[in-house]
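Here's the structure, in C-alpha cells; my notes come after.
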Amino acid sequence: MLHFLSSIVAFMVTVPLLITFVVYKVSYYFFQNKWKSIHIAVDVTVILYIFSVGTIGFLLFSSLFITFIIIFVLCIWVMIVLIQWRWGKEIEFRIVWKRFWKACFLVFVVLHLILVCYGIAVYVIDIV
C-alpha cells in the first residue's frame, strides 16, 4: 500500500501539467464555470509545481534546491505584500494570499517547463 501511494505521489510530481488538466476537467464537470474551474485547478496544483521544480532540479543538478525555493517563495511573498501596500493603504491578507498563490503558480509553471526542456536537451545531447 505504501509503495502504491508513493508511486501516485511520484506521478503527480512528475506530471503536474496532466494533473492540472484533470483537476480543471473535474471541476468544470461539477461547476460548469470555466473561470472558476481554472482558479480551482491553479489553487490545487500549485504545490505540485513547487515540488516538481525541486525534484527536477535535484535530478538534473544533483543538489537540493529546498533552501533556494523557500527563499524564492518568501521573496515573492514580500513583493506581493509591498505591491499591495503601495497600491492600497491597508494590507488585506486574503487578497495578498490569492495574488501570492497565483504568482507562485505562474512562476513555478514557467520554471517547470524550463527545467523539463533543459532536461530533455541534456538527455538528447548525452545520447548523441
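The values are calculated or read from the model by the stated rules, or taken from the named source; none is laboratory data. Values in this document were obtained by computation on a predicted structure and should not be read as measured data. Note that each Cβ is placed from the backbone with ideal geometry, even for glycine, and that neighbours are counted across all protein chains shown.
Can you say whether Ser63 is at pLDDT below 90 and in a helix (DSSP H, G or I), as far as the supplied structure shows? Lay out the reasoning, then the answer.
Details: at pLDDT below 90: yes; in a helix (DSSP H, G or I): no.
It is false that Ser63 is at pLDDT below 90 and in a helix (DSSP H, G or I).
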- Message: Being more than 14 Å from Val107 (Cβ to Cβ), in a helix (DSSP H, G or I) and not charged (D, E, K, R) is the filter here; which residues of region 79-92 pass it?
- Response: Val81, Leu82, Ile83, Gln84, Trp85, Trp87
- Taking the options Ile38, Ile50, Ile69, name whichever one is free of Cβ contacts under 8 Å to residues at least 40 places away in the same chain and either crowded, with 17+ Cβ neighbours inside 10 Å or of a type in the set (D, E, K, R) (or both). Ile69
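In region 26-35, how many are surrounded by fewer than 12 Cβ atoms within 10 Å (Cβ to Cβ) and either in a helix (DSSP H, G or I) or basic (Lys, Arg) (or both)?
So the count comes out to 4.
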- Query: Would you call Leu106 modelled with pLDDT of 90 or more, surrounded by fewer than 17 Cβ atoms within 10 Å (Cβ to Cβ) and under 23 Å from Phe11 (Cα atoms)?
  - Reply: yes
- Query: Among the residues of region 1-25, which ones are exposed (fewer than 11 other Cβ atoms within 10 Å of the Cβ) and over 22 Å from Gly57 (Cβ atoms)?
  - Reply: Met1, Leu2, His3, Phe4, Leu5
